[in-house]
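All remarks here apply to the structure that follows.
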There are 2 protein chains.
Amino acid sequence: MAATIKDIAKYTGLSISTISKYLNGGNVLEPNKQLIEEAIQTLDFKVNEMARGLRTSRTMTVGVLIPSLKNIFFTSIVSHIESELLKEGYSTIVCDFKEDPDLEEKKLQFLFDKMVDGIVLMPLPGNDNLIKKIIAQQTPLVLIDRLIPNVDCDVVLVDNLNASYNAVEQLIIRGHRRIGIIAGPQNIYTAQERLKGYIRVLEDYGLKVDPSLIKHGDYQIESGYNLLLELIGDEQPPTAVYVTNYEMTIGSIIAINENNIRIPDDLSFIGFDNQDLARIVKPALSIVVQPVQKIGETAAQVLLKRLKKDQRGFPLVTRLKTQLLIRDSIKKLES
Amino acid sequence: MAATIKDIAKYTGLSISTISKYLNGGNVLEPNKQLIEEAIQTLDFKVNEMARGLRTSRTMTVGVLIPSLKNIFFTSIVSHIESELLKEGYSTIVCDFKEDPDLEEKKLQFLFDKMVDGIVLMPLPGNDNLIKKIIAQQTPLVLIDRLIPNVDCDVVLVDNLNASYNAVEQLIIRGHRRIGIIAGPQNIYTAQERLKGYIRVLEDYGLKVDPSLIKHGDYQIESGYNLLLELIGDEQPPTAVYVTNYEMTIGSIIAINENNIRIPDDLSFIGFDNQDLARIVKPALSIVVQPVQKIGETAAQVLLKRLKKDQRGFPLVTRLKTQLLIRDSIKKLES
DNA sequence: TAAAAAAAACGAAACGTTTCGCGTAACAAG
DNA sequence: CTTGTTACGCGAAACGTTTCGTTTTTTTTA
């Protein structure tokens, strides 16, 4: 049905190999160029990627594997990866593993079997072996959001530690001494980093780290809600709270509003990730913003580089800065 | 590098065509079966999908195109589509078009050029021509969430009209007469339907439809926030509000809480889409829940059916019921 | 036990590209 | 006019499957 390179050859009177050469950017005489171009237009010719793939063993396809498609932060990144890859003609096979380590392994294997040309992965802790296998097989792999110790692999990270450090520091500077944190699951790399930043800044300023001010949530709305209530229900409640992801920030906001806690008078607050949310809450929320677009684009660019067999700088560790937006949700305490 | 069917043939002493037959479920003598299976294991053989695709002109790949990857409702559906398709060995190429009609057309063309075996699309209004072209080309296509008039195409819908009807009816039954709606963009099919349901139930109960109670948002958090404030700022504010998507529900909740509006005493409320959110808000929100999983699975199943050349019942219009969860956010008014 | 029928295995062509080595035309230099 | 050089163009093989017509093996039946 569809026109093939053969048809173009027939139409132009040139040989198949000349057409192929032209298609791949080789030198062809000007009049022939024109002719071929004309043929392509009139016959509506499209390269058969499968035939090409069979010859070149490239699929022009990239696999993206994330923990969940129901998390805005992840899918936003995917969105930018996809746009960036598309510019170079790659399509993106997206999978999620529903936060399940077994599924992660299965899907990674699936992508690998599909012979994708490269993979972008947001790994859970633990499956390091499969990752090593992928790398050993020479399939370009870019990790996002998590570093795997002792494994050489390109990775795009956010400087979570300093993100927390800077955020909490602003609270300290404004006189806060009892600062609560709603942290993420203890086995998640980024959550650990964010917690580390919190602890380090307290220590740097000579403040005691009070375990009762550290709450571990599961990055869902509900735990943000519950943990914020726990914090303010403490016998010695914090004067400020720092929440470390988007969903839990929503939950916290709802808890705060429902209990008529005034921000920043009763409680100072720093949230995470979503600018829209921060803007509409009154007073405007202070917030740590992750460079979602930059993360996606960088991951895609690093991968594209590897796909072009450019191995310079391997392994490339890109650490992106977060942005701290200070707005009206922080009160300056008298000291 | 990787083992091919040829290697299996050599290992087993059988011919290539026999191996192929086995791989595709043909009959092979029991001892040979064993032998082949053994060879596959030891040589770690995987079918080269590209070679297969070249022969069969099937890519075992499905394209999914949604308006935005930053919308939880869309990505949740994608998640379920992906799982369902994977069961049958299909991989899912996900694209979004960032709510841009031009981009929608480009990406649809891209998927088509990639020779995906089928497409699942959540269309914006307007691009009906391209859709017709896809259908004409015999590529199986399943639409989600929107019906296109005068085009025969499988489609999975939610009964938005009755969703609204039933929700608002509950408000009416409980004595509400001034009921506000925060509706979606006027050019979006589902938004129109939801608004229609609202209007119809009012008419059925002989209530006047007051245009000042109908607000059109853009399905984003911020507009939910702003429009709720508009509604309650009305000189004759509604006693109940019905909000028609997730993001705007969040926005409304924030507005409500910030302004110390008590639910349900000052205002009765019905939201949309997210059960988590509904559960944690106090008092528990009444809510319209879309069957996200069902939508995704159904779309995938219909597509799989078409991919198997099963054209029975074409065009298949599946209209799924929403669920109405009545909880504590609705007050019974004295009549 | 032989013939017929059924089942299994085989060989070769085809799918639409890319690639490589070779032929040839064009052109410049001697 | 001849030779050397360059740049294009060409033909054929190869990528790893499926498929179809044919041959071989096995099973059934008489």
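The values are calculated or read from the model by the stated rules, or taken from the named source; none is laboratory data. Keep in mind that what you see is a predicted model, and the values were worked out from it rather than measured. Every residue, glycine among them, receives a Cβ derived from its backbone with ideal geometry; neighbour counts consider all protein chains shown. Heads up: the accessible areas ignore ligands, DNA and RNA and are worked out on the full protein's heavy atoms, side chains in. Shrake-Rupley method; radii C 1.70, N 1.55, O 1.52, S 1.80 Å.
Could you give the length gained on full extension between residue A:109 and residue A:259, defined as 0.36 nm per residue of separation minus the Cα-Cα distance, in nm?
Taking residue A:109 through residue A:259 to full extension adds about 49.2 nm, to one decimal.
Once the convex hull of the alpha carbons of segment A:220-287 is built, what does its volume come to per residue, in cubic angstrom?
Enclosed volume per residue, from the Cα hull, is 69 Å³.
In this model, which of A:321/B:70; A:294/B:87; A:133/B:308; A:87/A:107; A:114/A:196; A:46/B:33 are farther than 31 Å apart at the alpha-carbon?
Where the Cα-Cα span goes over 31 Å, the pairs concerned are A:294/B:87; A:133/B:308; A:114/A:196; A:46/B:33.
Taking amide H atoms as placed 1.01 Å from N in the peptide plane, list the residues 5 or more away in sequence, or in a different chain, whose amide H sits under 5 Å from that of residue A:316.
A:154, A:155
Taking Cα atoms, how many degrees apart are the long axis of helix A:72-87 and the longest axis of chain A, rounded to 10 and kept between 0 and 90?
It is inclined by approximately 20 degrees.
Using helices alone, I'd like the mean residue ellipticity at 222 nm for chain B: each DSSP H run of four-plus residues gives -39500 (n - 2.57), total over residue count, nearest 500.
The helix contribution divided over chain B gives -14000 deg cm²/dmol.
For residue B:64, list long-range residues whose amide hydrogen, built 1.01 Å from N in the peptide plane, is under 5 Å from its own amide hydrogen.
It is B:93, B:94, B:95, B:120, by chain and number.
Determine the per residue accessible area of chain B with all protein chains present and a 1.4 angstrom probe, expressed in square angstrom.
Value for chain B: 44 Å² per residue.
Using amide H atoms built in the peptide plane, which far-off residues or other-chain residues are under 5 Å from residue A:241 H to H?
Answer set, sorted by chain and number: A:180, A:268, A:269, A:270.
With the calculation restricted to Cα positions, what are the radius of gyration and Dmax of segment B:5-47 in angstrom?
In order Rg, Dmax, the Cα atoms of segment B:5-47 give 8.9, 22 Å.
In whole Hz, with x marking every Gly and Pro, tabulate ³J(HN,Hα) for segment B:297-306 from phi via Karplus 6.51 cos²θ - 1.76 cosθ + 1.60, θ = phi - 60°.
My calculation for segment B:297-306 gives 5, 5, 4, 5, 5, 4, 4, 4, 4, 5 Hz in order.
Identify which of A:194, A:306, A:55 has the largest mean-square fluctuation in a Gaussian network model of chain A, with springs joining Cα atoms closer than 10 Å.
Top of the fluctuation ranking is A:55.
Just to be sure I understand: of the beta bridges DSSP finds with both ends in chain A, what percent are antiparallel, rounded to 5?
For chain A, the DSSP antiparallel bridge percentage is about 10.
In nm, to one decimal, how far is the residue B:177 label point from the residue A:236 one, both placed 7 Å along Cα→Cβ?
Simple spin-label model gives 5.8 nm for this pair.
Based on alpha-carbon atoms only, what is the radius of gyration of segment A:201-322 relative to the globular estimate 2.2 N^0.38 Å?
Here the answer is 1.36, to two decimals.
Say each of residue A:47 and residue B:46 gets a label point 7 Å from the Cα, pointing the same way as Cα to Cβ; how far apart are those two points in nm?
2.3
Which FRET efficiency, nearest 0.05, do residue B:314 and residue B:38 yield, Cβ-Cβ r, R0 51 Å?
In this case the efficiency is close to 0.70.
Among B:211, B:135, B:290, whose Cα projects farthest towards the positive end of the dipole of chain B, with charges put on the beta-carbon of Lys, Arg (+1) and Asp, Glu (-1)?
Checked the options; the winner is B:135.
What spacing in nm lies between the two simple spin-label points modelled at residue A:328 and residue A:29, each 7 Å away from Cα in the Cβ direction?
Here the modelled spin labels are 7.5 nm apart.
How large is the charge dipole for the protein assembly as shown, taken about the Cα centre, if only the Cβ atoms of Lys, Arg (+1) and Asp, Glu (-1) carry charge, to the nearest 20 debye?
Here the protein assembly as shown has a charge dipole of around 1600 debye.
Let me cross-check residue B:203: its accessible surface, 1.4 Å probe, with only protein heavy atoms counted, in Å² to the nearest 10?
Solvent-accessible area, nearest 10 Å²: 110 Å².
Assuming 1.567 mPa s and 4 °C, estimate D for chain A with Stokes-Einstein, Rh taken as the Kirkwood radius over Cα pairs, in µm²/s.
Approximately 57 µm²/s, per Stokes-Einstein.
Express in Å², to the nearest 10, the accessible area of residue B:248 obtained by rolling a 1.4 Å probe over the protein heavy atoms while all chains stay in place.
0
How large is the Kirkwood hydrodynamic radius of the protein assembly as shown, counting all unique pairs of alpha carbons, in Å?
Computed over Cα pairs of the protein assembly as shown, the Kirkwood hydrodynamic radius comes out at 27.6 Å.
Based on the Cβ-Cβ distance from residue A:58 to residue A:98, what FRET efficiency comes out when R0 is 25 Å, to the nearest 0.05?
The computed FRET efficiency comes out at 0.25.
Calculate the all-directions average of the projected area of segment B:163-256's alpha-carbon convex hull, and give it in nm².
Convex hull of Cα atoms, orientation-averaged projection: 5.3 nm².
How much of the DSSP bridge set in the protein assembly as shown is antiparallel, in percent, rounded to the nearest 5?
Of the beta bridges lying entirely in the protein assembly as shown, close to 10 percent run antiparallel.
³J(HN,Hα) across segment B:316-329 via Karplus (A = 6.51, B = -1.76, C = 1.60, θ = phi - 60°), whole Hz, x for Gly/Pro?
With the stated coefficients, segment B:316-329 comes to 8, 9, 9, 10, 8, 7, 8, 10, 10, 9, 8, 10, 9, 9 Hz.
So how exposed is residue A:262, as accessible area in Å² (1.4 Å probe, rounded to 10)?
140
Using θ = phi - 60° and the Karplus curve 6.51 cos²θ - 1.76 cosθ + 1.60, what whole-Hz ³J(HN,Hα) does each residue of segment A:282-294 get, with Gly and Pro shown as x?
10, x, 3, 6, 7, 7, 9, 10, 8, x, 3, 4, 4
Can you work out the FRET efficiency for the pair residue B:88 and residue A:21, with r the C-beta to C-beta distance and R0 = 30 Å, to the nearest 0.05?
After rounding to 0.05, the efficiency reads 0.15.
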